[in-house]
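Notes to accompany the following structure.
The values are calculated or read from the model by the stated rules, or taken from the named source; none is laboratory data. Predicted model only: the values in this text are computed from it and were never measured. For neighbour counting, all protein chains shown are included, and Cβ atoms are generated from backbone atoms with ideal geometry for every residue, glycine included.
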Amino acid sequence: MTRRRWIAEHWDEATATIIGAQAEHMARVLRAQPGMETDVVAGGHVFHAVVAAVSPQEVRFNLASELEAEPAMPVTLVLAVYKFDHMEWAIEKATELGVAAIAPVIARRTEKHLAQTAEKRAERWRRIVHEASQQARRSDVPLIHDPVPLSARVRAASVGTRIVLAEQERTTTLRNALDEAMAAAEEEMPTLEIAIGPEGGWAPSEEALFDANGWRAASLGPRILRAETAAIAALAVVASYLE
Ligand code: SAH
């Protein structure tokens, strides 16, 4: 049986602690006792650990040996803010699929009230990736960037290959774009940034902005996908390519 994995809130070289809902679950539901063995993720490393002290507020572990961790896929998903329930679903699934980071951006067609509340919502997105990482037995938690206007992200300097998914693109598939990225990166794993538009898609001025800043437009096929479907499909294509 695979051991359950806890993602620590605080840690040092020898110990780690979980707090809040995780600690409460471990204390009250699982009735954890000192001496119980489990796996703990601390600072991107996975450890075999032993429970040292239990209360519903805090569980403390002694860290034993370090286990081998699988790295996240080197992908940042640039996700236009759109209907929160759908977007949260995309964030959860992207975490399961191994995304390294998610950068929410305010696009032209992001609804105004969503744009205004996105910043507050980021806390909830961070909780979602924490829980999804634990469930997916990841050894790290994706970084959720603070939401920014699309233009700031598009213009920002980047070391990786930047791809904008667009249903209007007919010639370059995501696979083609990954072939190019691999060729350019030679021996190294390329780092990728992949942008997905809101429900209404990218505005023409945004497509021009991507183009002017060196982003490669790519297609996921002839059908129009919802943004959350596009996110999952894109990460699955990348995974089949890189992993
Ligand atoms: N403008 C569309 C909806 C946009 S879909 C409409 O006619 O209703 C939301 C986002 O998903 C798009 O901005 C794009 O980034 C991505 N997307 C959807 N289908 C795609 C496809 N076939 N290829 C590439 N990207 C796609």
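Within segment 203-223, how many residues are part of a loop (DSSP other than H, G, I, E, B) and more than 14 Å from the ligand (Cβ to nearest atom)? Residues in segment 203-223 being part of a loop (DSSP other than H, G, I, E, B) and more than 14 Å from the ligand (Cβ to nearest atom): 2 in total. Quick one: would you say VAL46 is crowded, with 16+ Cβ neighbours inside 10 Å, touching a helix residue (DSSP H, G or I) at 6+ places or on another chain (Cβ under 8 Å), not in a helix (DSSP H, G or I) and not assigned by TED's automatic domain parsing to the domain that holds ARG126? Considered against the rule, which asks whether it is crowded, with 16+ Cβ neighbours inside 10 Å, touching a helix residue (DSSP H, G or I) at 6+ places or on another chain (Cβ under 8 Å), not in a helix (DSSP H, G or I) and not assigned by TED's automatic domain parsing to the domain that holds ARG126, VAL46 comes out as no. Note on segment 128-146: residues that are assigned to a helix (DSSP H, G or I) and in contact (Cβ under 8 Å) with a residue 60 or more places away in the chain amount to 3.
Selection over segment 72-97 of residues that are more than 9 Å from the chain's Cα centre (by Cα), closer than 15 Å to ILE194 by Cβ and among the β-branched types (Val, Ile, Thr) gives a count of 1. Of the residues that sit in segment 149-199 and are closer than 22 Å to HIS86 by Cβ and assigned to a helix (DSSP H, G or I), which one is nearest to the ligand (Cβ to nearest atom)? Across segment 149-199, the extreme among qualifying residues is LEU174. Residues that are buried (at least 16 other Cβ atoms within 10 Å of the Cβ) and in contact (Cβ under 8 Å) with a residue 60 or more places away in the chain within segment 209-231 comprise TRP215, ALA227, GLU228, ALA230, ALA231, listed in sequence order. Can you find even one residue in segment 185-193 that is buried (at least 16 other Cβ atoms within 10 Å of the Cβ) and aliphatic (A, V, I, L, M)? Yes.
Here PRO34 passes the criteria (1) part of a strand (DSSP E or B); (2) surrounded by fewer than 19 Cβ atoms within 10 Å (Cβ to Cβ) except the one numbered (1). Checking each residue in segment 56-82 for being touching a helix residue (DSSP H, G or I) at 6+ places or on another chain (Cβ under 8 Å) and crowded, with 16+ Cβ neighbours inside 10 Å picks out GLU58, VAL59, MET73, PRO74, VAL75, LEU77, VAL78, LEU79, ALA80, VAL81, TYR82.
Let's see how each residue does on (1) at pLDDT below 95; (2) more than 10 Å from the ligand (Cβ to nearest atom); (3) in a helix (DSSP H, G or I):
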residue: GLY201; (1), (2), (3): no, no, no
residue: LEU225; (1), (2), (3): no, no, no
residue: THR229; (1), (2), (3): no, no, yes
residue: LEU235; (1), (2), (3): no, yes, yes
residue: SER240; (1), (2), (3): yes, yes, yes
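Of the residues GLU206, GLU167, the single one that is modelled with pLDDT of 95 or more, touching a Gly at 6+ places or on another chain (Cβ under 8 Å) and surrounded by 21 or more Cβ atoms within 10 Å (Cβ to Cβ) is GLU206.
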